[in-house]
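These notes are about the structure you will find just below.
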Amino acid sequence: MTYFDTLEARSEDQRASDLAKALPQQIAHAQNASGYAGSLQGVEAASITSAADLRGLPVLRKSDLSKAQGANAPFGGFTVKPASGFAHIFQSPGPIYEPGGVDHDWWRMGRFLHAVGIGQGDVVQNCFGYHLTPAGMIFESGARAVGAAVLPAGTGQTELQVTAARDVGATAYAGTPDYLKVILDKADSMGVKLGFTKAAVGGGALFPSLRQEYADRGITCLQSYATADLGNIAYESPAMEGMIVDERVIVEIVTPGTGTPVAPGEVGEVVVTTLNPDYPLIRFATGDLSAMLPGVSPCGRTNVRIKGWMGRADQTTKIKGMFVRPEQVAALVDKHDEIVKARVIAARDGEMDTMTVQIEAASGDEISFGKSVIEVLKLKGKIEVVSPGALPKDGLVIEDQRSYD
């Protein structure tokens, strides 16, 4: 088995030792960025040497970036050099602006493409967008890191995509999971045989039936989990048992709306700290749900694994005309030492909204909890006290049972 680099097969002790050196440096980089002037002020960088040490730091959310960028364009003070110091400036919906570099594998996508089997001798048809958003360049950078040639195809014009794939001898596809099928079906209708044997996909759901269809065509299809802000976070290997966390990020799984880690194996929000010194995002909340998997991958890569994308963590909903947010549910839990966790359930009784608050607690009374619910959530609801461990471990703190059909 060959790996992209030696980092992938490090021992747990070696990885912890390396992180203990790299993480304080990254915190120091962040402290040099004006965007962190308030949140990291007074933090002793040398004391942050592990993922556990990050828990005392505030969570950074995309809404924080957007607000900061509005006041200090384009990057809100979260980079350590000016916009002119980057190779690219991208715009994602929001708008949110992201920097980009051309240093070796700036977004760390080469590790994933290597796991797919893409390398020298391959021609990658890159069907991620090149217009404003960074996805196209993220995957092109990864292809460059593994020595593959790139056909910068972008999106659309499927008939031309088929012709180009045939003419240049494309062997690998990069793009959303479903667009490859569109290309293959168009090729079939045109009577063209294409040479794809590998596919590196992201940005959408890869359903088992679709992966099997590609396998039946002789195409190995693996997926990555990446964002415009963070680059590659985790990726599949040929073992296809969860997603292996990239070596240059730290992933935490926390209760949505908080920075508090969930119990091992429970579903929660993905929070990421990067070790990219150019753009030092510290405890950046992705808004996505996932869970840690126990053990390591059978492929021999030794970093921790997540289950992959399991939905969105932003469960904010409106009940009786009032917004209820995960942060409020977290504040309710913090208000009582005896509360382990809580879950708000929105439902309907006839044409009226109802709210039930389920509270895991070994002690306490419904009256006291009910007063806190009114105080924190600004709504009155039914209180159900359940024993610790009784609530589902699915990452939901607000469950909307109302039908909108």
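Observations
- Near-label residues of region 284-317 by backbone N, under 18 Å of a point 7 Å along Cα→Cβ of F207: 309-311
- For region 78-128 versus region 1-27, the gap between their alpha-carbon centres in whole angstrom: 21
- Net charge dipole, region 167-316: roughly 260 debye, given to the nearest 20, about the Cα centre with Cβ charges of +1 for Lys and Arg and -1 for Asp and Glu.
- Percentage relative contact order, region 1-154, counting C-alpha pairs under 8 Å, at least six apart: 17
- Max mean-square fluctuation residue, GNM over the chain, Cα-Cα springs under 10 Å, options I339, I374, I233: I374
- Pairwise FRET efficiency - N32 versus D334, Cβ, R0 = 30 Å, nearest 0.05: 0.40
- Highest-MSF residue in the chain out of A390, A200, A45 [GNM, Cα springs under 10 Å]: A390
- Calculated accessible area for the chain comes out at 45 Å² per residue, all protein chains present (probe 1.4 Å; ligands, DNA, RNA ignored).
- Take the Cα of R348, go 7 Å toward its beta carbon, and the backbone nitrogen atoms of region 368-405 under 18 Å from that spot belong to 399-405.
- The ellipsoid equivalent to the alpha-carbon distribution of region 275-405 has semi-axes of 32, 18, 16 angstrom, derived from the gyration tensor eigenvalues as √(5λ) and listed largest first.
- Dipole size of region 234-307 about its Cα centre, with +1 on Lys/Arg Cβ and -1 on Asp/Glu Cβ: approximately 100 debye, rounded to the nearest 20.
- Anisotropy class of region 252-310 from Cα gyration tensor, a/c 1.5 cut: oblate
- For E384, the residues whose modelled amide H falls within less than 5 Å of its own, excluding neighbours fewer than 5 places apart on the same chain, are V357, Q358, I359.
- In the chain, helical runs assigned H by DSSP with n ≥ 4 each contribute -39500 (n - 2.57); averaged across all residues and rounded to the nearest 500, the mean residue ellipticity at 222 nm is -8000 deg cm²/dmol.
- D13-S47 FRET efficiency (beta carbon distance; Förster radius 25 Å; 0.05 resolution): 0.75
- Length-normalised contact order of the chain in % [C-alpha pairs under 8 Å, at least 6 apart]: 12
- This model, with +1 at the C-beta of Lys and Arg and -1 at the C-beta of Asp and Glu, gives region 320-405 a dipole about its Cα centre of some 160 debye.
- For the chain, the membrane-span-like helix rule (DSSP H, alpha carbon extent of at least 20 Å along the helix axis, mean Kyte-Doolittle at least -1.0) picks out 12-31; this says nothing about an actual membrane.
- Rounded if a/c under 1.5, otherwise prolate or oblate - region 142-213, Cα gyration tensor axes: oblate
- Whether region 1-158 is rounded, prolate or oblate, judged on the alpha carbon gyration tensor where a/c under 1.5 counts as rounded: oblate
- For the chain, the carbon plus sulfur part of the accessible surface works out to 53%, probe radius 1.4 Å.
- The trypsin sites (Lys or Arg not before Pro) of region 118-226 that DSSP puts in a loop, and whose beta carbon has at most 10 other beta carbons within 10 Å, are K193.
- Only Cα pairs under 8 Å and 6+ residues apart enter the sum, and on that basis the relative contact order of region 148-305 stands at 14 percent.
- Antiparallel DSSP beta bridges within the chain, as percent of all bridges there, nearest 5: 65
- You can think of it this way: the chain between E375 and M190 has 60.1 nm of extra reach, that is 0.36 nm per residue less the Cα-Cα gap.
- Annotation for region 300-321 versus region 39-54: alpha-carbon center distance of 25 Å.
The values are calculated or read from the model by the stated rules, or taken from the named source; none is laboratory data. Just so it is clear, the structure is predicted and the values come from calculations on it, not from any experiment. Glycine gets a Cβ as well: all are built from the backbone with ideal geometry, and neighbour counts include every protein chain shown. For accessibility, only protein heavy atoms count, side chains too; no ligands or nucleic acids. Shrake-Rupley method; radii C 1.70, N 1.55, O 1.52, S 1.80 Å.
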